[in-house]
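Let me begin by presenting the structure, written as structure tokens, before commenting on it.
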Protein chains: 2
Amino acid sequence: MARTRTRDEILAVAAELFYRAGFKGTSLQDIAAEVGCSKATLLYHFDSKEAILAALLAPAARELAELDEQLAGLQGEAARAAAIDGFVDLVLRYRREAGLIYHGSLDVLLTPAFDGVQPMIENLCSAFAARSTDPGEQIAAEVLLAGICSVAIDRPDDVTLRSALIAVAKRALLTPRSKD
Amino acid sequence: MARTRTRDEILAVAAELFYRAGFKGTSLQDIAAEVGCSKATLLYHFDSKEAILAALLAPAARELAELDEQLAGLQGEAARAAAIDGFVDLVLRYRREAGLIYHGSLDVLLTPAFDGVQPMIENLCSAFAARSTDPGEQIAAEVLLAGICSVAIDRPDDVTLRSALIAVAKRALLTPRSKD
DNA sequence: TCACTTCCTGACCGATCGGCCAGCTTCTGA
DNA sequence: TCAGAAGCTGGCCGATCGGTCAGGAAGTGA
């Protein structure tokens, strides 16, 4: 049973700073100053700066893995619809983490904390594209994935944002293309 | 008349490294090593690391300003159509720079190099939304802007990519909404 | 009370960072 | 030919970085 809330505060502050200033652009001292403790305190609670990042991402990655599992058995439009709903909800629950993925530099993606995430994002993309191999559909899926992550951060109104995100995704991805 | 191509090489290498590793994650020594010169050579050609970033962004920012001007007199669907075409073409011409905007950390946006860019992006967003103040339309516009920037980098095939980006943007943004 | 655990910290470390500077080399045009 | 400009560099600087460590304070339960 933790006796203090310092660990949680570190994570909350780090999430904000990593998002704003980037992982590399945020120093341990930055985090410590914001929390109101020493740098050594951060390193008492976490092994390293990357361990902070990993701990930050763990809950979101866990839920992404669950979504990944749900989608694994689905094909075509069923996969797409489930992916859109699931992903939008996930992004709304983990706004900073999602922003880190798409607003963070690519070097963050190379850290061990992201090891399992990349394949799941690719699976998600495949589901967004209804398992199509058509380049146009794949590109559309990627646009929507990236776009949803990018705009989720700054809008406080979950209800409007959620319905708008789902609506735009469906318009972009669900429009009948049987005439192509 | 420049006697060497060193300055251009610095810019090309910096564009790639800033994109991959972020501005803060790329050191002057990283750039110098890749170019094959000394760090001091970089600083002979550019006043500072940020001056490199500014020089990098200048051409893209110039063209963005031109697009901004073209769009200024347009309303509604005309604004939207012109914005989509213009922006997609701009992004395809400046893939790394566009990636820097959306794949870079927010602290890059706070540098003087980006001073004039932010308002233009907002204008572009307004044009994508056909000047609508409806939150759903604004959100859709932002999703598409971010998404287009995010996927432009890694696809070599301009023709397929261009038509796909324009198509997804129009589907997402142009679908009749008179039934709402 | 006291041994142990948890929590925290100042001081320190070696490495890296952006940038400066004196000086050398190469090129150019009068 | 030569003065000046352009181009480049090794060595250096102060600042910052992630991380280490010995030690102190607070809490806990026997």
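Among A:Ala141, A:Ala164, A:Ala113, which is the only one that is surrounded by 18 or more Cβ atoms within 10 Å (Cβ to Cβ), at pLDDT 90 or above and touching an Asp or Glu at 6+ places or on another chain (Cβ under 9 Å)? Of the residues listed, the single one that is surrounded by 18 or more Cβ atoms within 10 Å (Cβ to Cβ), at pLDDT 90 or above and touching an Asp or Glu at 6+ places or on another chain (Cβ under 9 Å) is A:Ala164. Of the residues contained in region A:29-39, none is found to be away from DNA strand C (no atom under 13 Å from the Cβ) and within 19 Å of the chain's Cα centre (by Cα). Scanning region A:7-19 for residues that are touching a residue at least 40 places away in the same chain (Cβ under 8 Å) and within 14 Å of DNA strand C (Cβ to nearest atom) yields a count of 2. Apart from one condition, A:Lys49 fits all of (1) under 22 Å from A:Asp115 (Cα atoms); (2) more than 13 Å from DNA strand C (Cβ to nearest atom); the exception is (2).
Screening B:Gln70, B:Gln75 for residues that are among the polar types (S, T, N, Q), out of contact with any Gly (no Cβ under 8 Å at 6 or more places or on another chain) and more than 16 Å from DNA strand D (Cβ to nearest atom) leaves exactly one candidate, B:Gln75.
Out of curiosity, is B:Thr6 within 16 Å of DNA strand D (Cβ to nearest atom), in contact with a His (Cβ under 9 Å, 6 or more places away or on another chain) and more than 30 Å from A:Glu97 (Cα to Cα)? Yes: the conditions hold for B:Thr6. Reported count of residues in region B:116-138, each being over 23 Å from B:Phe23 (Cβ atoms) and out of contact with any Asp or Glu (no Cβ under 7 Å at 6 or more places or on another chain), is 11. The set of residues in region B:65-75 being part of a helix (DSSP H, G or I), open to solvent by 60 Å² or more (accessible area, probe 1.4 Å) and of a type in the set (Gly, Ala, Ser) consists of B:Ala72 alone. Quick check on region B:20-33. Is at least one of its residues within 13 Å of DNA strand D (Cβ to nearest atom), over 22 Å from B:Thr111 (Cβ atoms), open to solvent by 30 Å² or more (accessible area, probe 1.4 Å) and without any contact (Cβ under 8 Å) to a residue 40 or more places away in the chain? Within region B:20-33, one or more residues are within 13 Å of DNA strand D (Cβ to nearest atom), over 22 Å from B:Thr111 (Cβ atoms), open to solvent by 30 Å² or more (accessible area, probe 1.4 Å) and without any contact (Cβ under 8 Å) to a residue 40 or more places away in the chain. Within region B:78-91, not a single residue is within 12 Å of DNA strand D (Cβ to nearest atom) and more than 14 Å from chain A (Cβ to nearest Cβ). Only residues that are in a helix (DSSP H, G or I), open to solvent by less than 40 Å² (accessible area, probe 1.4 Å) and either within 11 Å of DNA strand D (Cβ to nearest atom) or more than 25 Å from A:Arg93 (Cβ to Cβ) (or both) were counted in region A:42-64, giving 4.
Go through region B:76-95 and report how many residues are β-branched (Val, Ile, Thr) and either at positive phi or open to solvent by 10 Å² or more (accessible area, probe 1.4 Å) (or both).
0
Please work out which residue is farthest from B:Tyr19 (Cα to Cα), limiting yourself to region B:139-152 and to residues that are in a helix (DSSP H, G or I) and more than 7 Å from chain A (Cβ to nearest Cβ). Spell out how you get there, then give the answer.
So in region B:139-152, the residues in a helix (DSSP H, G or I) come out as B:139-151.
Those still in the list that are more than 7 Å from chain A (Cβ to nearest Cβ) too: B:141, B:145, B:149.
On the way: B:Ala141: 24, B:Leu145: 18, B:Cys149: 12 Å.
Once the filter is applied, the top-ranked residue is B:Ala141.
The values are calculated or read from the model by the stated rules, or taken from the named source; none is laboratory data. Please read all numbers here as calculations on a predicted model, not as lab measurements. Please note: Cβ atoms are built from the backbone with ideal geometry, for glycine as well, and neighbour counts cover all protein chains shown. Side chains included, ligands, DNA and RNA excluded: accessible areas come from the protein's heavy atoms. Shrake-Rupley method; radii C 1.70, N 1.55, O 1.52, S 1.80 Å.
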